[in-house]
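Reviewing the structure listed below.
The values are calculated or read from the model by the stated rules, or taken from the named source; none is laboratory data. Predicted model, so just to flag it, every value in this text is computed and none were measured. Methodologically, a virtual Cβ is constructed for each residue, glycine included, from the backbone with ideal geometry; neighbour enumeration extends over all protein chains shown.
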Amino acid sequence: MATANPALPTSPLPPPDHALVAQTIKAYLPSGLVFRELVPLAGDASNRRYYRAMVTGGPPHSVVVMQLAEPEAFKQSEEAVSGAVYQISELPFINIMAHLAKANVSVPVLHHYDRPAGLLYLEDFGDVTLAEAASHADAPSLESRYKQAINVLVQMQFNATTPTDPGCLAFHRSFDVPLLMWEFDHFLEYGIEARNGHPLPGEDKTAIRHEFERIADLLADQPRIFTHRDYHSRNLMVDGLRLGVIDFQDALMGPGTYDLASLLRDAYIQLDETLIDDLVDYYLDQLAERRFVWTNRAAFRRLFDLTSIQRNLKAPDRFVYIDRVKGNPKYLEDIPRVLSYVKRNLEKYPELDPLRTYLTPYVAGIAVGRY
């Protein structure tokens, strides 16, 4: 059986030297482009660093420059992966990007990869994420934007899953039971023990893991399709009429509900429950148009909700990990939101009562009557 293996740790980036990065960029700009300005961009929770290089003589008038933490060893996901080790000669980011581009998913064009410097020159999708656009949208516009995100998701799921591409890294790793349980265990370690400041009693930890295993077995038993793994509002860029997809380097094969749960049970944007119901139905309608019909929509919704529990329990542990290990506390404020999703779903299904009972003493956000 495959085992879940945490990725090798990456070396942190040294303090930013904007002048050195600017000098390196000048040396590698295509002929005809003249460097004008370097603008540091807000990064994500990874070890990568981002810049916008403004140029003249284009188009393009700007490119996004991704600086890697460890150029020569950036071979694995920052998080755990599962399955046999598959060696590739290129960055996972580039490997997955090429596959998605062939699937007609709107991913950034790679202008240039400066391997020695660890710099990728990428198409600039701008600064407006779906999260930003959604925060200012009225109800009809919000629904329209999320339906567009679902359209992109369905296109990705169909076009990137078949035909199988053995050269694509995503086809060599999957959400199997060991990986799902690795993530659940990470929640116990950081989302409960580190957050509360003391270990779980052995009997309670065993009981909780037993309930987690039931969910993991169910999710791992589903048909596996191409899964972005982090398909949420901050990884979708509103660029005019198109929706750009970024941060896809950890893609693998997983249940069809995973990316949908990431999108609709987002740590950063809380959607109205009625809208979520409508969007789940819309997703199933889009599948039906492609002749993939879920005849039992209630069964799909249950699977979606169970996937959401797994996904939403992953978030608190990642956020605490990012705070404790990387010294970045900004994601802690999003923990109550994702725990409110978990609470709602645990209360929805009687068969989950044991899990709710075991978790409640250690996770205040899911206690009855609390959000």
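From (1) over 21 Å from the mean Cα position of the chain (by Cα); (2) surrounded by fewer than 17 Cβ atoms within 10 Å (Cβ to Cβ), pick out the condition that doesn't hold for Gln286.
(2)
Specify which of the listed residues (Pro336, Pro329, Pro354) is at pLDDT 95 or above and surrounded by fewer than 18 Cβ atoms within 10 Å (Cβ to Cβ).
Answer to the check: Pro354.
Can you find even one residue in the stretch 220-232 that is over 15 Å from the mean Cα position of the chain (by Cα), within 19 Å of Ser135 (Cβ to Cβ) and surrounded by 17 or more Cβ atoms within 10 Å (Cβ to Cβ)?
Among the residues of the stretch 220-232, not one is over 15 Å from the mean Cα position of the chain (by Cα), within 19 Å of Ser135 (Cβ to Cβ) and surrounded by 17 or more Cβ atoms within 10 Å (Cβ to Cβ), which makes the answer no.
Please go through the stretch 305-328 and pick out each residue that is assigned to a helix (DSSP H, G or I), more than 9 Å from Phe187 (Cα to Cα) and not polar (S, T, N, Q). Break it down into steps so the answer makes sense when it comes.
Narrowing the stretch 305-328 to residues assigned to a helix (DSSP H, G or I): 305-326.
Filter once more, keeping what is more than 9 Å from Phe187 (Cα to Cα): 305-312, 319-326.
Within the stretch 305-328, Asp305, Leu306, Ile309, Arg311, Phe319, Val320, Tyr321, Ile322, Asp323, Arg324, Val325, Lys326 qualify.
So, in the stretch 71-100, how many residues would count as being modelled with pLDDT of 60 or more and either out of contact with any Leu (no Cβ under 9 Å at 6 or more places or on another chain) or part of a loop (DSSP other than H, G, I, E, B) (or both)?
Of the residues in that region, 8 qualify.
Tell me, please, whether a residue that is assigned to a loop (DSSP other than H, G, I, E, B), outside the structural domain of Ser233 (by TED's automatic domain parsing), within 21 Å of Ala42 (Cβ to Cβ) and under 18 Å from the mean Cα position of the chain (by Cα) can be found in the stretch 101-113.
yes
Checking Gly126 against (1) more than 21 Å from Arg234 (Cβ to Cβ); (2) surrounded by fewer than 19 Cβ atoms within 10 Å (Cβ to Cβ), which test does it fail?
(1)
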